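Beneath this line is the structure, given in structure tokens, with notes to follow.
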Amino acid sequence: MKQDEFFKIIGIIIVSFFVIYMVVKMFQLQSNVIEGLTNSDTAEESGTASTYAANIKAQIVKLQDKLLISKYRKDYEAAIINLDDLVGYLMIEHILNMKLGKDMKSNMESINALNILKNSKESLNATMTFLDKQ
């Protein structure tokens with residue numbers, strides 16, 4: 001009997017520690033959620049806007065120094081044009097390999113893949129436009 005009571009007490013202690021651990025974790029989670037939902041003052045946001053803009057400008061200067069557009073403009077243009085041609089050929093290949101059947105899901109997947117290629121061509125055009133402005 002004494003051994004059974006000893007195991008019951010050990011079991012109760014283990015379960016109690018587990019319950020206490022879970023309660024403490026829930027309070028920590030609750031405090032994190034409450035902190036995440038609070039709004040900061042707009043004065044703080046507007047006060048950091050100039051710092052934020054300066055950080056963005058610093059990143060732009062780093063990229064300008066890294067890319068050297070004035071020196072490598074022709075290479076960048078050639079790469080964009082070649083990539084645009086590649087995407088165009090991939091679109092033609094994808095259209096010719098589409099299997100239009102009764103399976104609507106595969107048809108939609110094929111059309112979505114084609115739309116992704118179209119969006120990449122638009123991105124390349126926007127990139128070329130930006131490069132021309134530099």
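The numbers here are math on the coordinates, done by the rules we state, and not lab data. Remember, predicted model here, so these are calculated numbers, not experimental data. Cβ: placed from backbone, ideal geometry, glycine included. Neighbour counts: every protein chain shown.
Remarks
- D103 over 21 Å from I60 (Cα atoms), acidic (D, E) and within 28 Å of the chain's Cα centre (by Cα): no
- If you go through the stretch 64-74 and keep only what is surrounded by 10 or more Cβ atoms within 10 Å (Cβ to Cβ) and either touching a residue at least 60 places away in the same chain (Cβ under 8 Å) or in a helix (DSSP H, G or I) (or both), you end up with Q64, L67, I69, Y72, R73.
- Residues (surrounded by fewer than 15 Cβ atoms within 10 Å (Cβ to Cβ) and either touching a Leu at 6+ places or on another chain (Cβ under 8 Å) or assigned to a helix (DSSP H, G or I) (or both)) located in the stretch 99-113: M104, K105, S106, N107, M108, E109, I111, N112, A113
- Meets criteria (in contact with a helix residue (DSSP H, G or I) (Cβ under 7 Å, 6 or more places away or on another chain) and exposed (fewer than 14 other Cβ atoms within 10 Å of the Cβ)) for L90: no
- Of the residues making up the stretch 76-111, those that are within 21 Å of S123 (Cβ to Cβ), small (G, A, S) and without any contact (Cβ under 8 Å) to a residue 12 or more places away in the chain are A78, A79.
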